[in-house]
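The structure appears below as structure tokens.
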Amino acid sequence: HANLCPDAAALASAYQSVIDKYGLSHIDLDIEGDDLGDVPNETKRFEAIKLLRQHKPDLHVTLTLPMTTVGLNDAGKAEIQRAKDMGAEIDLFKIMDFDYGGPGQDMANSAISVAEAFHKQLRALHPEFDDGAAYARTGIILMNGHTDQPSELFTPDTFRALLDYAKQHQIGRFSYWSLNRDRVCTAPGGWADGKCSSIDQQPYEFTKILAEYQ
């Protein structure tokens, strides 16, 4: 967390220690909850990214953001704008295309609607991106089975429809949360169990669909 480091240099050093430990070429900044809209720590975080890129220019940096039914909220838009204003290059913007309260009976079209809303927002925030570049800079993250929102349900058919959408627009990344949930539940759990999908399915059925995306 950025708030645990006194300044951008210390934060960059902390990031670098993890990069060195695991030989990373990619890092992701997952900004949600109370961290989204925390301007001092956002500023520190993006300054740290700039310092890291000075040391490792080919470092691939992604930003993960939560969605609403209309794409980014105001804090999410401000986050992307701040990175741009500060000159902190973000290679890929990953949207959590779930947990926004979409209608389970039409989850595929709902998730596509959110992705398209984000696409328009990204084009507005980065007018230098043409249509294809904006899609290429977008990563879509789904959630298999039941999500934390009782109205939402992603089935294998939902994933297939979204796979078609990703192929059509050549989305930069197509992924989901999470591999360890890609199986039926063997014991009673919560609505959105962290260890299984809470629906009837074949083992790794969702993973096999995503693996079709090149």
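Table for the structure above
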item	result
Cysteines in the chain lacking a second Cys C-beta under 4.7 Å	Cys5
Sequence-distant residues sharing a close amide H with Asn144 (under 5 Å, placed H)	Trp177, Ser178
Beta bridge orientation in the stretch 89-214: antiparallel %, DSSP, nearest 5	20 percent
Placed amide H near Leu29: partners under 5 Å, 5+ positions off or other chain	Thr62, Leu63, Thr64
Accessible area (Å², per residue) of the stretch 76-214, counting only protein heavy atoms and a probe of 1.4 Å	46 Å²
For peptides 15-22, 26-33, sequence by mean Cβ density within 10 Å, most packed first	26-33, 15-22
Most mobile listed residue (Asp97, Asp35, Asp58) in the chain, GNM with C-alpha springs under 10 Å	Asp58
Inter-part distance where the stretch 135-163 and the stretch 110-124 are each reduced to a Cα centre, Å	14 Å
Within the stretch 158-177, backbone nitrogen closer than 17 Å to the virtual label 7 Å beyond the Cα of Ala211 toward Cβ	159-160, 163, 174-177
DSSP-defined antiparallel bridges as percent of all bridges, the chain, nearest 5	15 percent
Extended-chain gain in nm, criterion 0.36 nm per residue less alpha-carbon gap, Arg82 and Thr69	2.4 nm
Percent accessible area from carbon and sulfur atoms, the chain, protein chains only, probe 1.4 Å	53 percent
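The values are calculated or read from the model by the stated rules, or taken from the named source; none is laboratory data. From a predicted model like this one, the values you see are computed outputs, not experimental measurements. Virtual Cβ from ideal backbone geometry, glycine too; neighbours counted across all protein chains shown. Areas reflect the complete protein model, heavy atoms only, side chains present, ligands, DNA and RNA absent. Shrake-Rupley method; radii C 1.70, N 1.55, O 1.52, S 1.80 Å.
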